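Novice: Below: one structure in structure tokens.
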Amino acid sequence: MKQHAKSAGENAEHSRLRRVSGRHNPLLKELRQAFHRGELTSAGECAIEGVKLVEEAIRSGQRLTEVFFSESARPLAEKFLPQIGARVEILLVPDSLFKSIVPSDAPQGVAALVKIRVLSADQLLQRSDVGPVIVAVGLQDPGNLGTILRSAEAFGAAGAFFTEGTVSPYNSKVSRGSAGSIFRLPVVRITSAALIPLLRQSGARLVATSSHKGTPLPNATWTLPLAIFIGNEGAGLSRELLHQMDETIVIPQAAQVESLNAGVASSIVLYEWARHRAGSSS
């Protein structure tokens with residue numbers, strides 16, 4: 001009797017897998033375009049790929065709208081099925097077609113469209129009493145952005161603003177580099193011209209990072225609300241933006257090293273803020 005009940009349950013799970021094989025299937029086209037553009041779909045969905053990222057989306061309570069498995073990853077599908085809501089559409093895709101859609105060179109056989117909650121700048125600034133906000137200006141390396149989001153969550157930042165010239169937070173490499181932080185850390189896209197007046201109205205101090213001169217990191221002022229600006233990997237922040245900062249902080253480093261990677265520098269600054277907060281509360 002138990003074996004019969006188990007078989008019935010397995011058959012019910014398997015029946016959720018809908019096999020699709022045509023390149024022009026609307027859901028496959030949606031997934032392909034979302035990966036290609038690195039943007040949300042018209043329905044506000046982000047395309048993600050890989051076992052770890054899909055697991056993180058589920059663990060973070062994100063709403064998966066569709067999940068795609070390659071034929072060879074069917075055992076993986078059977079593992080995931082009990083964790084995926086009953087209303088989520090699950091598609092089984094031929095291996096060659098799946099590989100042509102996802103950006104990874106070595107696909108793990110699972111991808112998904114995830115509904116992302118989009119906040120306004122005001123909503124994010126309402127959180128600025130819990131930690132600093134990161135402002136990414138002209139950052140173009142998705143790996144750097146993913147690292148920054150991961151460190152921002154790890155060290156207690158309130159969220160991140162992505163301004164002009166910055167790669168989309170919904171780029172698949174950003175999502176992967178964030179290791180799931182993109183699902184939990186509020187992110188808002190806005191221009192610097194629109195953001196700075198809002199930061200001023202909120203009473204935030206504006207701080208820039210520099211590889212050359214400024215207040216040594218251990219001597220920086222960390223009072224909240226605080227906005228930490230991270231500039232372009234090569235050019236940094238523009239002079240116009242630097243003139244609007246309240247403080248420029250520099251990470252002490254060996255003279256022969258020109259600068260630190262933006263992701264590394266941001267992580268060090270965020271760690272220093274978290275260390276200061278822990279010291280102040282003890």
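Novice: Kindly indicate whether any position in the stretch 127-146 is in contact with a Cys (Cβ under 6 Å, 6 or more places away or on another chain) and open to solvent by 10 Å² or more (accessible area, probe 1.4 Å).
Specialist: No, there is no match, as no residue in the stretch 127-146 is in contact with a Cys (Cβ under 6 Å, 6 or more places away or on another chain) and open to solvent by 10 Å² or more (accessible area, probe 1.4 Å).
Novice: Let me ask something else about it. Could we say that Val67 is in contact (Cβ under 8 Å) with a residue 40 or more places away in the chain, under 20 Å from Ser178 (Cβ atoms), of a type in the set (A, V, I, L, M) and surrounded by fewer than 16 Cβ atoms within 10 Å (Cβ to Cβ) here?
Specialist: Criteria not met by Val67.
Novice: Among (1) open to solvent by 10 Å² or more (accessible area, probe 1.4 Å); (2) modelled with pLDDT of 95 or more; (3) farther than 18 Å from Val264 by Cα, where does Glu153 come up short?
Specialist: (3)
Novice: Does Arg87 meet the test of being farther than 24 Å from Ala193 by Cα, part of a helix (DSSP H, G or I) and either in contact with a strand residue (DSSP E or B) (Cβ under 9 Å, 6 or more places away or on another chain) or open to solvent by 10 Å² or more (accessible area, probe 1.4 Å) (or both)?
Specialist: When the stated conditions are applied, Arg87 does not pass them.
Novice: Picking from Ala77, Ala111, which residue would you name as being crowded, with 18+ Cβ neighbours inside 10 Å, small (Gly, Ala, Ser), over 21 Å from the mean Cα position of the chain (by Cα) and not in a loop (DSSP other than H, G, I, E, B)?
Specialist: Ala77
Novice: Only one residue in Ser168, Ser181, Ser175, Ser192 is surrounded by fewer than 20 Cβ atoms within 10 Å (Cβ to Cβ), touching a helix residue (DSSP H, G or I) at 6+ places or on another chain (Cβ under 8 Å), at pLDDT 90 or above and over 17 Å from Ser128 (Cα atoms). Which one?
Specialist: Ser168
Novice: Select, from Ser210, Ser280, Ser202, the only residue that is open to solvent by less than 40 Å² (accessible area, probe 1.4 Å) and of a type in the set (Ser, Thr, Tyr).
Specialist: Only one candidate qualifies: Ser210.
The values are calculated or read from the model by the stated rules, or taken from the named source; none is laboratory data. All values reported here derive from a predicted model rather than from experimental measurement. Glycine gets a Cβ as well: all are built from the backbone with ideal geometry, and neighbour counts include every protein chain shown. Quick note on the areas: whole protein, heavy atoms, side chains included, nothing else; ligands and nucleic acids left out. Shrake-Rupley method; radii C 1.70, N 1.55, O 1.52, S 1.80 Å.
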